[in-house]
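Before any comments, here is the structure.
The values are calculated or read from the model by the stated rules, or taken from the named source; none is laboratory data. Every value quoted in this text rests on a predicted model; they were computed, and no experiment measured them. Counting neighbours? That spans all protein chains shown, and the Cβs are built from the backbone with ideal geometry, glycine included.
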Amino acid sequence: MHCNICGNQRNPGKRPGFYLICRPCYNRKYRLENADKIKEYRLKTVARKIEIDKLYRENNKAKRRANKAKRKAQKLRATPKWANQVKISIIYEAARKLEQAFGVQYQVDHIIPLVSPFVSGLHCEANLRIVTREVNCAKSNLYWPDMQENLTLKDFEIAE
Ligand SMILES: [Zn+2]
């Protein structure tokens with residue numbers, strides 16, 4: 001059994017006259033005859049991918065905004081009336097300047113975490129320090145400088 005196009009023998013066990021064209025030749029022929037259809041399909045696929053990516057970005061943007069808003073609300077709740085907003089601004093500004101000077105990301109860290117199962121730090125100048133992003137990310141909200149060793153959630157339960 002020979003392919004009508006390339007003449008190579010294919011599927012010798014098949015019924016004679018059944019496979020007139022071999023699979024590779026058929027594929028090549030199909031691609032040539034349907035170039036427009038294939039192109040249109042590819043364009044559609046690309047368009048769909050762009051649409052999906054766009055949606056993903058928008059969703060993520062919304063998520064980032066929501067997180068930012070949540071953090072802001074937490075800061076507001078943790079800000080005492082006596083907090084010095086000018087000093088706080090200076091600390092944030094200093095972090096920005098360090099970033100520019102050294103080309104490393106600096107963040108303002110709450111020494112005692114704002115949100116933690118154990119403690120609630122304040123958003124005030126005395127509880128702020130500037131650290132590199134690396135240090136800040138390595139820190140968890142379960143540790144602070146003068147914490148007792150081996151605290152568990154139980155330590156904070158009110159006795160009956
Ligand atoms: Zn062939």
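Things to note:
- Only one of Tyr41, Tyr92, Tyr30 that is surrounded by 11 or more Cβ atoms within 10 Å (Cβ to Cβ), of a type in the set (Phe, Trp, Tyr), modelled with pLDDT of 85 or more and within 16 Å of the ligand (Cβ to nearest atom): Tyr30
- In the set (1) loosely packed, with under 10 Cβ neighbours inside 10 Å; (2) in contact (Cβ under 8 Å) with a residue 40 or more places away in the chain; (3) assigned to a helix (DSSP H, G or I), Asp36 fails one condition alone, (2).
- Selection status of Gln85, touching a Ser or Thr at 6+ places or on another chain (Cβ under 9 Å) and without any contact (Cβ under 8 Å) to a residue 24 or more places away in the chain: yes
- The requirement of being more than 29 Å from the chain's Cα centre (by Cα) and on the phi < 0 side of the Ramachandran plot is not satisfied by Lys63.
- Criterion (part of a loop (DSSP other than H, G, I, E, B), surrounded by 14 or more Cβ atoms within 10 Å (Cβ to Cβ) and at pLDDT 90 or above) met by exactly one of Leu98, Leu114, Leu122: Leu122
- Any hit, segment 102-109, residues being among the acidic types (Asp, Glu) and not in a helix (DSSP H, G or I): yes
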